[in-house]
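Asks: Got a structure for you, written out below as structure tokens; questions coming shortly.
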Amino acid sequence: MKKIKIIAEIGINHDGSIETARKLIQESANAGVSSVKFQYRNLDNAYSDTAREIGDELLLTEIRKNYLSPSVLLDLSAYAHELGLEAGISFFDTVDMEDFGEKIDTFDFFKLPSAELTNAELISAMLKTGKQVFLSTGCHNESELEAAFSPLPTEGWMPMHCISNYPVSLQNARLGYIEYLRNKWDRDVGYSSHDDDWEACLLAMQLGAVVIERHITLDRNAEGLDHSSSSTPAEFAKMSAFASNLDFLLSGNGPRVPNQGELLNRQNLGRSFFTNKDLKVGDVLEIDSLVYRSPNTGLSRDEITGYIEKSVQINLPKGSAITKSVFEKENPLPDHIIDFARNKNLSLPVRLHDLSKFQNQFPIGAFEFHLSYAEILRDINVADFDSTNRYSIHLPDYINSTQLMDPFSKSVEQREASLNILERTISLAERLQNMTGTFVPVVGSFSVMHSSLSAFYDDHAALINRIKTRDVTLMPQWLPPIAWYFGGSVSLHAMNQLQDAKFIQQHDLPVCMDVCHLIMGRNFFGFSADHVMQNLEKNTQHIHIADAAGLDGEGLAFGEGEPENIDLIRNALDYDCLKVIEVWQGHLDNGAGFRKALTDLSKL
């Protein structure tokens, strides 16, 4: 689908105040819109001296009260540009345009008000600027629209469905006309909304409107003609969120594929078979020796029947999950793959309880502890670990069953619990460094942004520099566009976009580059993953590596993602740092995923 442009119409909702107009522009930028738009009328040319209708008196009073001069509007447009917004304007006559002279090129687009749709001279003047022109259809019948549109060139203009009531009731929106316009004139169509309910804009997007224009106000109950048919910044933020995600929202017209969060919930909530007693090599699996429990990390009910009466090929302590691998003889990892993994500084993620198993099964000499909040709060004896290994530590994402790790939380309880877990993790890293004599990176998924992105990086830079005085490096991890927190999907707004790379460079922060997350961010935001990797090459001191597809196909086996991912993965292998393999559930089924990942990488 085409990207949807959201225009916040400032109109006369500034009430003649430059300060209010600037505030509306700032709030528009904060809400995530792409553009703001102004209105301008030359006062001497606005109304006839003989106008005596009641409506004339009302409008002329409002127009005079809310007048802003061309110089002020140009300054406001420059301010919008500073905030990364496009700036457009509506004119009601060619005399209005003439008041701006050559500086009319300051504006990025023009809008023809509904009432002037038959003003061919004004339309022509707007089109001659070479800028995009939006033509509002309100107030006119179909024959008038045909007369206005038929002479126009092929490019440079877009019709905007509009009902010129202020506000428009749900019964009068007639959104079906968007499709009619698009089909009749074979071009993109927008929607100029004056709806009482801003949610009508969501339906307009679904029907194909690629531009949504709506008035913005700081207070819908304020005095003035347009406030009641306007939206607040909070409503614009919701509208912008739907606009930027509409193609994802409406996707799925094909065979169903569960997302990563669903797979995680299926594992956590589902069930599989576990042993209810110890089994030794050669023992025959019987149904009486099994229990059916959560989580779903082994064979399911429809799979288990094919393995009853088969002999197990490895020793299974009571409580072991029954997987396919327990019926296969365990073969040592080939020497050439072990050598490759050591040469490339590859590492595997482990829990405390499975380190011994995996370091024997995969003697590659490097492991990353993925700790839970409960584990880090216990006493951990590093003397139990092999001092010849290299280690890294991933901070827990959670501090308890309902809260994320957030050392800057406004909640005193959450902040202190986060700092306590952080302190215990840093202490563990210090002890591991003393034992091994090697660098032990600490990786954190810091994702909570309390105010601005700038403040987020100021806070984390201060924290990282404070910990650095203890000779321990805490590094934030590059994050995905969507995280699977607490069984749900949560959009993240830090550590995953191009603007984050600039802040990382500005503060000279060490980072863990997660290649899988980077790929999903590329697919979601549209940036160049290679560009991000190159820009952050000097900052990257640790890497998490797996393949990916789409915006939520996380932790795929190498080669199962988009073809262009392979070069990115190859380049990551050449970095002089630990690279932790994070294929989805690689530790299950006796490490089958880890074995496949090491084999696949060696073939790249």
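The values are calculated or read from the model by the stated rules, or taken from the named source; none is laboratory data. Here the structure is a predicted model, which is why all the values come from computation and not from measurement. All Cβ positions, glycine included, derive from the backbone under ideal geometry; neighbour counts span all protein chains shown. Protein only, heavy atoms only, side chains kept; ligands, DNA and RNA dropped before computing areas. Shrake-Rupley method; radii C 1.70, N 1.55, O 1.52, S 1.80 Å.
Asks: Considering (1) open to solvent by 20 Å² or more (accessible area, probe 1.4 Å); (2) over 30 Å from Gln267 (Cα atoms); (3) outside any strand (DSSP E or B), say which one Asp600 fails and leave the rest.
Replies: (2)
Asks: Out of (1) basic (Lys, Arg); (2) surrounded by fewer than 15 Cβ atoms within 10 Å (Cβ to Cβ); (3) more than 30 Å from Asp458 (Cα to Cα); (4) in contact (Cβ under 8 Å) with a residue 40 or more places away in the chain, what's the single condition that is false for Lys329?
Replies: The single condition Lys329 does not satisfy is (4).
Asks: Just to be sure before I move on: is Ala366 among the hydrophobic types (A, V, I, L, M, F, W, C), open to solvent by less than 80 Å² (accessible area, probe 1.4 Å) and at pLDDT below 95 in the structure I sent? Break it down stepwise before answering.
Replies: Working: among the hydrophobic types (A, V, I, L, M, F, W, C): yes; open to solvent by less than 80 Å² (accessible area, probe 1.4 Å): yes; at pLDDT below 95: no.
Answer is no for this residue.
Asks: Right, something else. Which one of these does Thr118 not meet: (1) β-branched (Val, Ile, Thr); (2) over 23 Å from Val33 (Cα atoms); (3) open to solvent by less than 50 Å² (accessible area, probe 1.4 Å)?
Replies: Every condition holds for Thr118 apart from (3).
Asks: Search the stretch 487-518 for residues being β-branched (Val, Ile, Thr) and farther than 24 Å from Asn30 by Cβ, and hand back the single one that is nearest to the chain's Cα centre (by Cα).
Replies: Let us first name the residues in the stretch 487-518 that are β-branched (Val, Ile, Thr), namely 490, 504, 511, 515.
Keeping just the survivors that are farther than 24 Å from Asn30 by Cβ gives 511, 515.
Details: Val511: 19, Val515: 16 Å.
Of everything passing the filter in the stretch 487-518, Val515 is nearest to the chain's Cα centre (by Cα).
Asks: Counting just the residues of the stretch 76-92 that are open to solvent by 50 Å² or more (accessible area, probe 1.4 Å) and touching a residue at least 40 places away in the same chain (Cβ under 8 Å), which one comes out nearest to Cys162 (Cα to Cα)? Don't jump to the end; show me each part of the working.
Replies: The initial filter retains those residues of the stretch 76-92 that are open to solvent by 50 Å² or more (accessible area, probe 1.4 Å), namely 81-84, 86.
Right, trim to touching a residue at least 40 places away in the same chain (Cβ under 8 Å) and you get 83-84, 86.
Values: Leu83: 28, Gly84: 27, Glu86: 22 Å.
So the residue we want is Glu86.
Asks: Name the residue that is farthest from Glu423 (Cα to Cα), counting only residues in the stretch 395-408 that are in contact with an Asp or Glu (Cβ under 9 Å, 6 or more places away or on another chain) and assigned to a loop (DSSP other than H, G, I, E, B).
Replies: In the first step, residues of the stretch 395-408 are kept if they are in contact with an Asp or Glu (Cβ under 9 Å, 6 or more places away or on another chain); the result is 396, 399, 403-405, 407-408.
From what's left, assigned to a loop (DSSP other than H, G, I, E, B): 396, 399, 403, 405, 407-408.
Details: Pro396: 12, Ile399: 13, Gln403: 18, Met405: 12, Pro407: 11, Phe408: 14 Å.
In this case the residue turns out to be Gln403.
Asks: Among the residues of the stretch 309-329, how many are under 10 Å from Phe273 (Cβ atoms) and in contact with a Leu (Cβ under 6 Å, 6 or more places away or on another chain)?
Replies: Matching residues across the stretch 309-329 total 1.
Listed here are the residues, each with its yes/no results for (1) open to solvent by less than 20 Å² (accessible area, probe 1.4 Å); (2) basic (Lys, Arg); (3) under 25 Å from His544 (Cβ atoms).
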| position | (1), (2), (3) |
| --- | --- |
| Leu377 | no, no, yes |
| Asn381 | no, no, no |
| Ser387 | no, no, yes |
| Leu395 | yes, no, yes |
| Tyr398 | no, no, yes |
| Thr402 | no, no, no |
| Val412 | no, no, no |
| Glu416 | no, no, no |
| Ile421 | yes, no, yes |
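Asks: Inside the stretch 469-586, counting only helices (runs of 4 or more DSSP H) that do not spill past its ends, which hold 1 or more residues that are basic (Lys, Arg), at pLDDT 95 or above and open to solvent by less than 60 Å² (accessible area, probe 1.4 Å)? Step through it out loud before you land on a result.
Replies: Details: elements: 498-507, 515-525, 529-535, 565-573.
The helices (runs of 4 or more DSSP H) meeting that bar are 515-525.
Asks: Another question, if that's okay. Tally the residues that are open to solvent by 80 Å² or more (accessible area, probe 1.4 Å), without any contact (Cβ under 8 Å) to a residue 12 or more places away in the chain and not in a loop (DSSP other than H, G, I, E, B), restricting the search to the stretch 241-282.
Replies: Of the residues in that region, 1 qualify.
Asks: Let me ask something else about it. If I filter the stretch 136-152 for residues that are open to solvent by less than 70 Å² (accessible area, probe 1.4 Å), assigned to a strand (DSSP E or B), closer than 22 Å to Lys5 by Cβ and in contact (Cβ under 8 Å) with a residue 24 or more places away in the chain, do I get at least one hit?
Replies: Yes - at least one qualifying residue is present in the stretch 136-152.
Asks: Mind checking which residues of the stretch 428-452 are part of a helix (DSSP H, G or I) and open to solvent by 20 Å² or more (accessible area, probe 1.4 Å)? Please lay out each step first, then the result.
Replies: Going through the stretch 428-452, the residues part of a helix (DSSP H, G or I) turn out to be 428-436.
Listed by number, the residues that qualify are Glu430, Arg431, Gln433, Asn434, Met435, Thr436.
Asks: Taking the condition assigned to a helix (DSSP H, G or I), small (Gly, Ala, Ser) and modelled with pLDDT under 95, does Gly16 pass?
Replies: Numbers: assigned to a helix (DSSP H, G or I): no; small (Gly, Ala, Ser): yes; modelled with pLDDT under 95: yes.
In short, no.
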